[in-house]
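Quick notes on the structure that follows.
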Amino acid sequence: MTTPEDVERQHTLLTATVRFDELRLRDTVAPAPGEPESDGGPPSLSRQEALELLALGEVIARKAGYGRQLGVRSARAAGASWAQIGAALGTTKQSAWEAYSRWVDEQVGS
């Protein structure tokens with residue numbers, strides 16, 4: 001079975017995104033399920049590949065979310081205000097602060 005935990009052990013963020021992009025591109029241009037395969041075109045994803053695509057997406061989202069919070073921590077350490085951080089994230093200072101506070105609480109609770 002393919003799980004995010006399995007995929008995370010196998011990939012860095014960079015290799016996960018490369019593999020995700022390969023599978024996503026193939027899935028985009030391949031025939032839809034139930035349509036006949038075309039000569040010379042890419043085959044549809046197998047069940048295992050489709051599950052891998054889902055797991056890769058989850059791992060990328062997790063790693064990106066973690067990286068986002070580390071970026072917020074670095075910005076605060078460098079003297080950025082919550083208003084500046086919110087602007088950089090495309091949100092309000094309140095929303096940025098609340099998301100970061102939740103993340104810190106989760107890290108402490110882990």
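Some observations on this one:
- The stretch 41-53 residues that are without any contact (Cβ under 8 Å) to a residue 40 or more places away in the chain, paired with ones that are open to solvent by 40 Å² or more (accessible area, probe 1.4 Å) and outside any helix (DSSP H, G or I) (beta carbon under 6 Å, 6 or more apart): P43/E37
- Top-ranked residue of the stretch 41-63 - restricted to ones that are in a helix (DSSP H, G or I) and not hydrophobic (A, V, I, L, M, F, W, C), ranked as surrounded by the fewest Cβ atoms within 10 Å (Cβ to Cβ): R47
- Residues in the stretch 1-18 that are open to solvent by less than 60 Å² (accessible area, probe 1.4 Å) and at pLDDT below 90: T2 alone.
- Pairs, first more than 17 Å from G67 (Cα to Cα) in the stretch 83-105, second at pLDDT 95 or above and loosely packed, with under 14 Cβ neighbours inside 10 Å, C-beta under 6 Å, six or more apart: K93/A83
- Only residues that are in a helix (DSSP H, G or I), open to solvent by 40 Å² or more (accessible area, probe 1.4 Å), modelled with pLDDT of 90 or more and not small (G, A, S) were counted across the stretch 64-103, and they come to 12.
- For the stretch 29-40, the criterion of being open to solvent by less than 40 Å² (accessible area, probe 1.4 Å) and within 27 Å of P4 (Cα to Cα) is met by at least one residue.
The values are calculated or read from the model by the stated rules, or taken from the named source; none is laboratory data. Only a predicted model underlies this, so the values are computations on that prediction, with no experimental measurement involved. Quick reminder, even Gly has a Cβ in these numbers, built from the backbone with ideal geometry, and neighbours come from all protein chains shown. Protein only, heavy atoms only, side chains kept; ligands, DNA and RNA dropped before computing areas. Shrake-Rupley method; radii C 1.70, N 1.55, O 1.52, S 1.80 Å.
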